[in-house]
Amino acid sequence: MSGSYDDSVGVEVSSDSFWEVGNYKRTVKRIDDGHRLCSDLMNCIHERARIEKAYAQQLTEWAKRWKQLVEKGPQYGTVEKAWHAVMSEAEKVSELHLDIKNALMNEDFEKIKNWQKEAFHKQMIGGFKETKEAEDGYRKAQKPWAKKLKEVEAAKKAYHAACKEEKLAISREMNSKADPALNPEQLKKLQDKVEKSKQDVLKTKEKYEKSLKDLDQVTPQYMENMEQVFEQCQQFEEKRLRFFREVLLEVQKHLDLSNDVSYKNIYRELEQNIKTADAIEDLRWFRANHGPGMSMNWPQFEEWSADFNRTLSRREKKKASDGVTLTGVNQTGDQASQHTKHSSVSSSEKNQSYPTEWSDEESSNPFSSTDANGDTNPFDEDASPAMEVRVRALYDYEGQEHDELSFKAGDELTKTEDEDEQGWCKGRLDNGQVGLYPANYVEAIQ
């Protein structure tokens with residue numbers, strides 16, 4: 001602030017020192033800065049809390065999305081469980097980050113807000129009470145010294161002006177001695193001027209020295225008063241600095257998850273779940289449920305019986321999972337034990353149906369369609385479609401399943417496919433219903 005001027009006292013400021021008139025304003029401004037810094041710290045914490053919340057939401061959405069993808073995907077067994085454990089970790093970590101967000105806002109943010117309100121008191125005319133008190137204290141402490149300093153500056157100015165006039169008077173007198181045109185009266189005036197200027201120099205010098213002495217006498221009291229006001233500002237600032245340190249340590253504790261027992265347990269549990277993944281166990285389960293270890297209704301000779309009303313088909317027999325003992329099904333001990341192992345349903349089973357028995361339905365018969373190269377099935381005896389033939393029912397038949405037809409003796413219908421190796425034909429009733437029926441329950445109409 002060199003060369004600046006304080007209008008309140010009319011004293012030129014010659015340095016940047018705190019002791020110069022008006023330079024105390026930096027310490028007063030620090031009080032206003034303290035209030036602004038409280039607001040800045042609250043904004044900083046608020047932004048971090050929003051980041052924590054957004055991260056928690058992203059973790060939750062990511063876990064939900066990938067949990068569904070894994071459930072619907074082809075992964076199975078213990079590796080599927082390990083994969084799910086990764087999503088569970090994200091959900092738990094998401095909860096911890098939401099806790100961080102709540103702690104930052106409900107504890108740290110509110111703590112700063114309340115402290116700021118208690119430390120800084122707004123005035124009706126604007127500004128803060130603490131700022132005005134510091135300003136008034138400095139002005140009161142500085143006023144006597146500033147007044148003396150103003151006198152010193154005025155005395156110095158007068159002394160320097162007198163010295164300048166003395167020098168000019170002496171110079172004129174010396175020049176006049178070499179000028180023959182000047183009369184004795186003019187020379188006398190110049191000599192009197194020199195004498196008067198010397199007396200003015202002595203007077204102004206004496207006054208200047210006296211004003212400096214007076215200033216020196218009030219300087220110790222000035223310094224003491226200024227120190228007192230400054231210490232009050234220091235104490236106020238010390239409270240703020242210590243409070244900020246305390247709050248930042250609280251923020252650190254809330255952000256630091258490394259010392260959180262629940263956080264450590266999440267990753268300890270995740271590691272355990274991943275390590276329990278067993279490739280051999282999964283392969284054994286897949287063999288039992290989708291491979292050679294599956295049960296099979298091997299073809300057997302079946303007598304026709306009128307008591308059953310129709311020829312039994314392997315299509316009508318229940319799966320082993322229905323809890324019904326299958327007739328004529330032979331399993332080895334290893335197959336039976338593997339089949340009952342892994343009672344849980346894998347993600348692939350939720351979206352894919354793997355046939356566990358032979359079926360004469362075209363959709364699941366592996367030998368009923370052409371192969372990838374477009375060749376016909378070598379096991380098909382006759383790939384040409386059957387001709388539609390009108391037939392008449394010999395007996396009453398009541399369909400036992402949804403894909404079977406029902407009719408009375410004497411009813412006529414159309415046979416659309418020839419009899420299969422199990423004694424069933426496909427036909428269509430006159431009302432348009434299509435389904436299966438026993439081939440030996442009808443005869444062709446001549």
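The values are calculated or read from the model by the stated rules, or taken from the named source; none is laboratory data. In this text the structure is predicted, and so the values were computed from the model without any measurement. Positions of Cβ are generated from backbone atoms using ideal geometry, with glycine treated the same way; all protein chains shown enter the neighbour counts. Areas reflect the complete protein model, heavy atoms only, side chains present, ligands, DNA and RNA absent. Shrake-Rupley method; radii C 1.70, N 1.55, O 1.52, S 1.80 Å.
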Rounded percent of accessible protein surface that carbon and sulfur make up, segment 53-164, 1.4 Å probe: 56
Rounded accessible area of Arg50 (nearest 10 Å², 1.4 Å probe): 150
Environment charge at Pro144 (Cβ cut-off 14 Å; Lys +1, Arg +1, Asp -1, Glu -1): +2
Per-residue HN-Hα couplings for segment 388-394 [Karplus 6.51, -1.76, 1.60; θ = phi - 60°; Hz; x = Gly/Pro]: 6, 10, 7, 10, 10, 6, 8
Accessible heavy-atom area order of His402, His46, His35, highest first, probe of 1.4 Å: His402, His46, His35
Inverse of mean 1/r across different Cα pairs in segment 172-241, Kirkwood, Å: 17.0
Karplus 3J(HN,Hα) series, Hz, for segment 291-301 with 6.51 cos²θ - 1.76 cosθ + 1.60 (x for Gly, Pro): x, x, x, 6, 6, 8, 8, 5, x, 9, 6
Cβ-derived FRET efficiency at R0 56 Å, Ala154 paired with Asn114, nearest 0.05: 0.60
Of all accessible heavy-atom area on segment 179-309, the percent that carbon and sulfur account for (1.4 Å): 54
Segment 205-246 and segment 90-111: distance between their alpha carbon centers, rounded to Å: 46
Over 22 Å (Cα to Cα) - which of Lys148/Lys198; Lys29/Lys239; Lys150/Lys210; Lys143/Lys205; Lys25/Lys157 fall in this group: Lys148/Lys198; Lys143/Lys205; Lys25/Lys157
Rh by Kirkwood over Cα pairs, then Stokes-Einstein D for segment 156-296 at 0.692 mPa s and 37 °C, µm²/s: 127
Reciprocal mean inverse distance between Cα atoms of segment 238-303 - Kirkwood radius, Å: 17.9
Label point 7 Å beyond Cα of Phe244 along Cβ direction - residues of segment 116-133 with amide nitrogen under 16 Å: 116-117, 119-120
Sites Met174 and Asp136, calculated FRET efficiency, Cβ-Cβ separation with R0 56 Å, nearest 0.05: 0.45
Calculated from backbone phi, Karplus (6.51, -1.76, 1.60) coupling profile of segment 211-228 in Hz, x at Gly/Pro: 5, 5, 5, 5, 5, 4, 5, 8, 4, x, 5, 4, 5, 5, 5, 5, 4, 4
Accessible area per residue, Å², segment 111-162 with all protein chains present, probe 1.4 Å: 66
